[in-house]
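Okay, structure first, notes after.
The values are calculated or read from the model by the stated rules, or taken from the named source; none is laboratory data. Note that this is a predicted model, so its numbers are computed, not measured. Glycine also receives a Cβ, built like all others from the backbone with ideal geometry; neighbour counts cover every protein chain displayed. The protein model used for the area step is the full one, side chains on, heavy atoms only, and it has no ligands, DNA or RNA in it. Shrake-Rupley method; radii C 1.70, N 1.55, O 1.52, S 1.80 Å.
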Amino acid sequence: MKSGKQRKAELKANRVKRETTRPVLRGGEPRREVSGGTAPCNPHNLAPSNSFGLPEFAQRGYYMDVLFKCAGCEKEEVWSATRQKWWYEVAKGSVESKAKLCNACRRVERERKAQARRVHLEGVAAKLSKQSAA
Ligand SMILES: [Zn+2]
């Protein structure tokens, strides 16, 4: 039978061994967030919301770059922390909303909307000029 002292020494040796051989990255999955970009969150600037409690980024106190998949082309793109801050605090986007389209798809969508608006306004203008001519 081992004495308490011996047992203690053994445990300590094991602990040291464990600590020195432990891999640098502990525990499974790499983080989903892209490392690097963060931006401080100011909850007072957020758009009012009916939901209870603060959104995740407000609880954490800062925004983090996140990867998302574009709803248009399924490409993965980074929604950067500074752009999130702009969206939620300057543009007053809903705190429940998230990035949906990649840059390329957003540009296409913007162009499509602008085109639709032009067609609509031209139609209205044509109708008005017809009315005033009559
Ligand atoms: Zn896209």
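Among the GluC sites (Glu not before Pro) within region 30-124, those in coil by DSSP and having at most 13 neighbouring Cβ atoms inside 10 Å are GLU74, GLU96. Annotation: amide H-H contacts under 5 Å for LYS75 (H modelled 1.01 Å from N, sequence separation of 5 or more, or interchain): CYS70. For the chain, the longest principal axis of the Cα atoms and the long axis of helix 4-21 meet at an angle of about 30 degrees.
Left without a cysteine partner by the 4.7 Å Cβ rule in the chain: CYS41, CYS73, CYS105. Taking a quarter of the surface of the Cα convex hull of region 32-134 gives a mean projected area of 9.4 nm². Evaluating 6.51 cos²θ - 1.76 cosθ + 1.60 at θ = phi - 60° for every residue in region 60-65, the Karplus couplings come out as 6, x, 7, 8, 10, 4 Hz, glycine and proline recorded as x. In plain terms, the chain is cut at each of the trypsin sites (Lys or Arg not before Pro) found in a DSSP loop with at most 10 other Cβ atoms within 10 Å, and the longest leftover piece is 33-134.
In this structure the chain gives 82 Å² per residue of accessible area when probed at 1.4 Å with all protein chains present.
Spatially close Lys pairs in the chain, defined by Cα atoms under 16 Å apart and a spacing of eight or more places or different chains, total 8.
For region 89-95, putting each phi into the Karplus relation 6.51 cos²θ - 1.76 cosθ + 1.60 with θ = phi - 60° gives couplings of 9, 9, 6, 6, x, 4, 5 Hz, in residue order, rounded to whole numbers and with x for Gly and Pro. For the chain, the share of accessible area belonging to carbon and sulfur comes to 56 percent (1.4 Å probe, ligands and nucleic acids excluded). Using amide H atoms built 1.01 Å from N in the peptide plane, name the residues 5+ places from TYR62, or on other chains, whose amide H lies under 5 Å from its own. Residues meeting the criterion, in which the H sits 1.01 Å from N, are CYS41.
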